[in-house]
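Asker: I'd like to ask some things about the structure below.
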Amino acid sequence: MQQIYDQIISLVKNNISNIEDNYVQFSDSNYKSFNFDKNNFQEIKNSESKNKIAFIDGGSAEIIKSPNFSLNLIRVYYTIYKENKRITTKKHDFYVFVNAKEKDNEIFYDCKFIGGNENFIPDKEDLFLSSLDETIKQGITRASISNVANVIRRFSEIKTASMVARLLEKEDIVVLDGSLQCTFTNEKKYFEELYKKAEEKNVIICGLSKTTTLMTDRGNSIANALNKFNINGKWIYYPVAEIKSNNHKAEMAFVKLHESSKYTFRFEIYKEQKQHINEVINLISNSCKDAVFVGYPYGLIEADRQARISNREKDMLITLFSTKFGKDWEKIKESLSNIDAHEILDSMG
């Protein structure tokens, strides 16, 4: 048995230490990678800027689901900081009812919004999506109706960013949770509106991703590849690649936002504002000292907490609706698929 363990340990060690990474690997020809270079590391400095930073995140919870409809609660939250002090916050909730409709012998998903403010809610027409839409389906199978909520939440976050940009002033910053890449059908429309508003107000747009699926040409993680350079302190690494995609108007970098942090994050800034990348990162790093998550902006920690819809809150909403439906609830439950075989087996475990 020890021989098996030794073989496993050897394989793991060899695949960590013996990899020579050259660049970030992209599958799209619109991305031209630059080779890793120690000279691309730049020190992040403390900032004296008094510009404001707005942090935005969203959450969602599926309350009722059947094969042909889904009721979801969507929540969007933003918080604005100046000199590491919170000055404004806003949380906004709305419901969305997604149902299946037949069109041209195909199944589409349609949406109806209940409650909410139009400043936070995406356009209904942009969410009439085919169940075979490549951006939401799973592999070769038809997209689950539940997936539409992810699109709605994302569009709501970007639309909220456009609204928040109106509240900001010259060279203030908007930080979205995630990248600036369009991954869903019709998402580009919302980014274009955001960039237009940002240019009008001279507000800087960027995104910080907690995780990234990007890998090096040797299949290694970007963090592991950059850590091999043994750069001390807090740093920003760029340029990473030349991006020519119309669906991704960004300059990409990787950042370590606190000298004690163990995490490297993917950072992006709107391509037309890339000249501000160092000053923006310097200012954001000022807010990455909280012991809750050293090296991650506290504004995004707050936005995540406030936008997240807990299982407890979701269960309370299910109970509320079951009460509102009264005696009809038992009939409705017969057509629901909110408990599948996986959930039954999980509960047994």
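Asker: Do you know which residues across the range 99-111 are part of a strand (DSSP E or B) and more than 14 Å from residue 153 (Cα to Cα)? Step through it out loud before you land on a result.
Answerer: Residues of the range 99-111 that are part of a strand (DSSP E or B), as a first pass: 99-103, 106-111.
Those that are part of a strand (DSSP E or B) and more than 14 Å from residue 153 (Cα to Cα): 99, 100, 101, 102, 103, 106, 107, 108, 109, 110.
Asker: What are the pairs with Cβ atoms under 8 angstrom where one residue, in the range 165-181, is surrounded by 24 or more Cβ atoms within 10 Å (Cβ to Cβ) and the other, located anywhere, is in a loop (DSSP other than H, G, I, E, B) and basic (Lys, Arg)? Sequence gap at least six, or different chains.
Answerer: 180/249
Asker: A further question follows. Considering 21, 57, which residue is of a type in the set (Asp, Glu), in contact (Cβ under 8 Å) with a residue 24 or more places away in the chain, under 30 Å from residue 147 (Cβ atoms) and touching an Asp or Glu at 6+ places or on another chain (Cβ under 8 Å)?
Answerer: The unique qualifying residue is 57.
Asker: To continue, here is another question. For the range 129-145, which positions are surrounded by 13 or more Cβ atoms within 10 Å (Cβ to Cβ) and either more than 22 Å from the chain's Cα centre (by Cα) or outside the structural domain of residue 247 (by TED's automatic domain parsing) (or both)?
Answerer: Restricting attention to the range 129-145, the residues satisfying the condition of being surrounded by 13 or more Cβ atoms within 10 Å (Cβ to Cβ) are 129-133, 135-137, 142-145.
Once the filter is applied, which keeps residues that are surrounded by 13 or more Cβ atoms within 10 Å (Cβ to Cβ) and either more than 22 Å from the chain's Cα centre (by Cα) or outside the structural domain of residue 247 (by TED's automatic domain parsing) (or both), the range 129-145 yields 130, 131, 132, 142.
Asker: Go through the range 133-239 and tell me which helices (runs of 4 or more DSSP H), entirely inside it, have 1 or more residues that are at pLDDT 95 or above and of a type in the set (Ser, Thr, Tyr). Write out each step before concluding.
Answerer: Details: elements: 148-165, 187-201, 222-227.
Passing ranges, in order: 148-165, 187-201.
Asker: Given the residues 63, 53, which is the only one that is farther than 30 Å from residue 315 by Cα and not charged (D, E, K, R)?
Answerer: Working: 63 fails: farther than 30 Å from residue 315 by Cα.
Only one candidate qualifies: 53.
Asker: Exactly one of these conditions fails for residue 31: (1) crowded, with 17+ Cβ neighbours inside 10 Å; (2) within 30 Å of residue 239 (Cβ to Cβ); (3) in the same structural domain as residue 290 (by TED's automatic domain parsing). Give me its number.
Answerer: (3)
Asker: Something else about it: Taking into account only those residues within the range 278-301 that are hydrophobic (A, V, I, L, M, F, W, C) and free of Cβ contacts under 8 Å to residues at least 60 places away in the same chain, which is surrounded by the most Cβ atoms within 10 Å (Cβ to Cβ)? Talk me through it step by step, then tell me what you get.
Answerer: Filtering the range 278-301 down to residues hydrophobic (A, V, I, L, M, F, W, C) leaves 280-281, 283-284, 288, 291-294, 300-301.
Within this subset, residues satisfying the condition of being free of Cβ contacts under 8 Å to residues at least 60 places away in the same chain are 288, 291-294, 301.
Details: 288: 25, 291: 5, 292: 9, 293: 16, 294: 15, 301: 18.
Within the range 278-301, the match that is surrounded by the most Cβ atoms within 10 Å (Cβ to Cβ) is 288.
Asker: Another question, if that's okay. Taking residue 126 as meeting all but one of (1) surrounded by fewer than 19 Cβ atoms within 10 Å (Cβ to Cβ); (2) free of Cβ contacts under 8 Å to residues at least 12 places away in the same chain; (3) in a helix (DSSP H, G or I); (4) not aliphatic (A, V, I, L, M), write down the number of the exception.
Answerer: Result: residue 126 passes all but (2).
Asker: Considering only residues that are touching a Ser or Thr at 6+ places or on another chain (Cβ under 6 Å) and not aromatic (Phe, Trp, Tyr), look in the range 35-64 and name the one that is nearest to residue 320 (Cα to Cα).
Answerer: Among them, the one singled out is 62.
Asker: Which one is nearest to the chain's Cα centre (by Cα) among residues in the range 46-69 that are surrounded by 14 or more Cβ atoms within 10 Å (Cβ to Cβ) and among the charged types (D, E, K, R)?
Answerer: Restricting to residues being surrounded by 14 or more Cβ atoms within 10 Å (Cβ to Cβ) and among the charged types (D, E, K, R), the top hit is 57.
Asker: Further, regarding this structure: Out of the residues in the range 148-161 that are among the polar types (S, T, N, Q) and surrounded by 21 or more Cβ atoms within 10 Å (Cβ to Cβ), which is farthest from residue 194 (Cα to Cα)? Show your work before the answer.
Answerer: Of the range 148-161, the ones among the polar types (S, T, N, Q) are 150, 156, 160.
Subset that is surrounded by 21 or more Cβ atoms within 10 Å (Cβ to Cβ): 156, 160.
Numbers: 156: 12, 160: 9 Å.
Within the range 148-161, the match that is farthest from residue 194 (Cα to Cα) is 156.
Asker: Run down 290, 304, 346, 315 and say which single residue is in a helix (DSSP H, G or I) and modelled with pLDDT under 90. Give the derivation first.
Answerer: Values: 290 fails: in a helix (DSSP H, G or I); 304 fails: modelled with pLDDT under 90; 315 fails: modelled with pLDDT under 90.
One residue alone meets the criteria, 346.
The values are calculated or read from the model by the stated rules, or taken from the named source; none is laboratory data. Computed from a predicted structure; not experimentally measured. Positions of Cβ are backbone-derived with ideal geometry, glycine not excepted, and every protein chain shown enters the neighbour counts.
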